[in-house]
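The block underneath contains the structure these notes are about, expressed in structure tokens.
No value in this document is a laboratory result; all are computed from the given coordinates. Just so you know, these numbers come straight off a predicted model, no measurement behind them. Here the Cβ positions follow ideal geometry from the backbone for every residue, glycine too, while neighbour counts run over all protein chains shown.
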Amino acid sequence: MESHHTPRAGRAGSFCYTQGVGDGFSLPVLGDSLGTTPRISSVLIKPASAVCNLDCSYCFYLDREADPYASLPARRMTEETLERLVDTYLFYSYPNSVLAFQGGEPTLAGPAFFEKLVELEKYYGRDGQTVSNALQTNAILIDDRWCAIFRETNWLLGVSIDGPEEVHDRYRFNKAGHGTWQQVMRGIERLKTNKVEFNVLCVLSQANVDKPREIYRFFRGLGIDYIQYIPLAEFDREGNLLPFTITPQQYGRFLCETFDLWWPDRRSVRIRFFDNIAEAVAGQKPGNCTMHETCDSYVVVEYNGDIYPCDFFVEKSWKLGNVNLDSWPEIARRQGRYQFAAKKTLPRPECQVCEYQPVCHGGCPKLRHGRYRRFEDLDYFCEAYKMIYAKSLEPLKKEVRRLFGDAARVPAQAGSPY
Ligand code: SF4
Ligand code: SF4
């Protein structure tokens, strides 16, 4: 369920090639020369596909019927596919390349895979090119070797943890059915000892959604200053809520209470959703795809090089191509990419008259489609969005104005009321 929420560039997490690598000539930025074709601005790579070393009971990936690779036991990206990916994507995305790794559990590909990745990036990166590496992990396998990899090239690392032990261990189990909190905390200790920066990704389920204060204090007590909350919404075939799924009202209350807790700390602590609202308010493109106008900012690269438009839609019918066979400009122009992108713009009567539409853009098609398999439905969490936008937009607008003064593109230049 953690899918597209891999940490993204925006704080620490990149390194730059400034000398001696590559051939020094100036490269065309291919994505910008494709007329109206939207550029693929980042790739979400799954080196071990959806395979995981844990067995969390709420996981979206486990036993997913539409998974095209479910029957294949050993799913690992080969060195050949990795090299082709790095070579071609660094060329396509010059001068700023963002590579995010996720799973399942991406560390199952092993540290040697990621050491090779960095070696390839150094070899194929050009003068002046910035490469950002990000990875989302359950932290179970983290040891000193992993820490050295992350530290050496300043990775942007996200650790999945849902709160204190009794909360985390309600749903996050290992293959033997035991809670994993102790192991995760050992991984976190290794990261801290090795001075590796990381943020946390917290899945909001029935275990923690009614405890915003406890959860916030727990993370602050750990010294965490960047938090992502991901709301759980999974349903059975008839569209009934699965037991861990939270309601829109619960999510809205959680966000509003967390906003109040966070506001006095806003200079030192970042919460991704609030960051994204502030970005929209300032007239920038928010880091979170659910607040984009269309679904075309990134693509998923599966372990065998297959490419899909979104991590929630790794399904045969949405396959766009393969890294080993197709060029990035070809993939960017594929009809399926336009068709998928347009799902977000399907007209919704509620959204068309909604005052928050210029920020929300109708939410996430997965959260429309997930319940009754209809893209035309309203985002399941619409009510929560309305609650947090009503509470946060005014204070964030004032804050952005205060920080950026006339340079802030609010409101008129942003082309939106925000
Ligand atoms: S469906 Fe669109 S908004 Fe939702 S996660 Fe995928 S790309 Fe993002
Ligand atoms: S808040 Fe709800 S109605 Fe408004 S744009 Fe978002 S999903 Fe649509």
Aspartates and glutamates near residue 316 by alpha-carbon distance under 20 Å, same-chain residues fewer than 8 away left out - which ones? 63, 65, 67, 296, 302, 306, 326, 330
Relative contact order of the stretch 76-133, pairs being alpha-carbon contacts under 8 Å that are 6 or more residues apart, as %: 54 percent
Relative contact order [Cα under 8 Å, 6+ residues apart], the stretch 215-338, whole percent: 15 percent
For residue 76, put the label point 7 Å out on the Cα→Cβ axis and report which residues of the stretch 112-129 keep their amide N under 19 Å from it. 112-120
Of the candidates 327, 97, 160, which one comes out as most mobile in a Gaussian network treatment of the chain with C-alpha springs shorter than 10 Å? 327
Out of 137, 294, 107, any idea which swings most in a Gaussian network model of the chain, alpha carbons joined below 10 Å? 294
Placing each pseudo-label 7 Å from Cα in the direction of the beta carbon, residue 116 and residue 316 end up separated by a distance in nanometres of 3.0 nm
Sequence ranges 124-130, 85-91, ranked by mean other-Cβ count within 10 angstrom, highest first: 85-91, 124-130
Theoretical ellipticity at 222 nm over the chain - DSSP helices of four or more residues, -39500 (n - 2.57) apiece, nearest 500: -10000 deg cm²/dmol
Provide the gained length on full extension for the span residue 152 to residue 391, in nm with one decimal, where the gain is 0.36 nm per separating residue minus the Cα-Cα distance. 82.0 nm
What is the fewest-to-most order of 178, 292, 168 by other Cβ atoms lying within 10 Å of their Cβ? 178, 292, 168
Classify the stretch 134-283: rounded, prolate or oblate, from the alpha-carbon gyration tensor (a ≥ b ≥ c, eigenvalue square roots; a/c under 1.5 rounded; otherwise prolate if a/b is larger than b/c)? oblate
List the lysines whose Cα sits under 23 Å from the Cα of residue 116, skipping any in the same chain fewer than 8 residues away. 46, 195
What relative contact order, as a whole-number percentage, does the chain give when Cα pairs under 8 Å and 6 or more residues apart are counted? 18 percent
In the Gaussian network model of the chain, springs joining C-alpha atoms below 10 Å, which of 349, 95, 38 carries the largest mean-square fluctuation? 349
Extending each Cα 7 Å along its Cβ direction at residue 178 and residue 263, get the distance between those two points in nm, one decimal. 4.5 nm
Quick one: divide the alpha-carbon radius of gyration of the chain by 2.2 N^0.38 Å and tell me what you get. 0.95
Starting from the Cα gyration tensor of the stretch 69-121, take the square roots of the eigenvalues, sort them a ≥ b ≥ c, and report rounded, prolate or oblate (rounded when a/c is under 1.5, otherwise prolate if a/b is larger than b/c, else oblate). prolate
